[in-house]
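Please read the structure below before turning to the comments.
The values are calculated or read from the model by the stated rules, or taken from the named source; none is laboratory data. As the structure is a prediction and not an experimental result, all values here were calculated from the model. For neighbour counting, all protein chains shown are included, and Cβ atoms are generated from backbone atoms with ideal geometry for every residue, glycine included. Calculation scope for accessible area: heavy atoms of the full protein, side chains included, ligands and nucleic acids excluded. Shrake-Rupley method; radii C 1.70, N 1.55, O 1.52, S 1.80 Å.
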Amino acid sequence: MSASAKQSRCVKEAYFAPPVEPALLYTGQVMHARLKPLGHRFSYRVFSALFDLDALNEANRLSSLFSVNRRNLLSFFERDHLPKDAQNTTLREYVDRLLNEAGVNRPARILLLAYPRMLGFVFNPISVYYCYDEDNALSAIIYEVRNTFGERHTYVCEVKPGQLTAAGVRQERNKVFYVSPFIDMQMRYF
């Protein structure tokens, strides 16, 4: 193995190794700033959950306040992330199909970062699927973008050499549907 390949593998292992837990909560802050046509800025605290799609049964047993595929104070429903034509499948099967259609090998693990339902309500403007190979290396990321009109678009992105560094993952895609009145359609996501 070359020195650069060893360094790349160390970067992947140090920064992007998947957690072993079936579900985790992450806290954060969302900030939005707009300069045109009128300046406007706001920020607010949020929390997201990371779900292992192969360990949803274990995640269901983590807390009496959280449930998978049934109502609770906090809950996760697979159907929230499935298109209408795939409601009779599991979320893992759906994601495997997306990857297969994009020519990406079936991953060993898939972790989904999304907002859980709170008191039955949820809106996920973006859901991110992290796909790991047998060596726990990040092999693909799926970005599922939604708008307030109920539309969504899924970007399946294989992690290519040079996209994964100690600073994070750098991928980009063209915007393909309306999300915000303040962002032109001829834009790219970075």
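Within segment 55-112, how many residues are more than 23 Å from His153 (Cβ to Cβ) and touching a residue at least 60 places away in the same chain (Cβ under 8 Å)?
The total comes to 1.
Residues of segment 44-60 being under 20 Å from Ile110 (Cβ atoms) and of a type outside the set (Gly, Ala, Ser), which ones?
Selection gives Leu50, Phe51, Asp52, Leu53, Asp54, Leu56, Asn57, Glu58, Asn60.
For segment 79-123, what are the residues that are open to solvent by less than 40 Å² (accessible area, probe 1.4 Å) and on the phi > 0 side of the Ramachandran plot?
Answer for segment 79-123, where residues must be open to solvent by less than 40 Å² (accessible area, probe 1.4 Å) and on the phi > 0 side of the Ramachandran plot: just Gly120.
Counting just the residues of segment 67-78 that are part of a strand (DSSP E or B) and of a type outside the set (S, T, N, Q), which one comes out most open to solvent (accessible area, probe 1.4 Å)?
Result: Leu74.
Of the numbered conditions (1) open to solvent by less than 60 Å² (accessible area, probe 1.4 Å); (2) free of Cβ contacts under 8 Å to residues at least 24 places away in the same chain; (3) closer than 15 Å to His81 by Cβ, Cys157 fails exactly one; give the number of that condition.
(3)
Looking at Leu25, Leu38 in this structure, which one is over 16 Å from the mean Cα position of the chain (by Cα) and open to solvent by 30 Å² or more (accessible area, probe 1.4 Å)?
Testing whether each residue is over 16 Å from the mean Cα position of the chain (by Cα) and open to solvent by 30 Å² or more (accessible area, probe 1.4 Å) leaves just Leu38.
Could you grab me the full set of residues in segment 41-52 that are at pLDDT below 95, surrounded by 10 or more Cβ atoms within 10 Å (Cβ to Cβ) and aromatic (Phe, Trp, Tyr)?
Phe47
Taking segment 83-96 as the region of interest, how many residues are closer than 24 Å to Phe177 by Cβ and at pLDDT below 95?
6
Run Ala59 past the list (1) under 17 Å from Val128 (Cα atoms); (2) modelled with pLDDT of 95 or more; (3) not basic (Lys, Arg) and report the number of the one that doesn't hold.
The number of the failed condition is (1).
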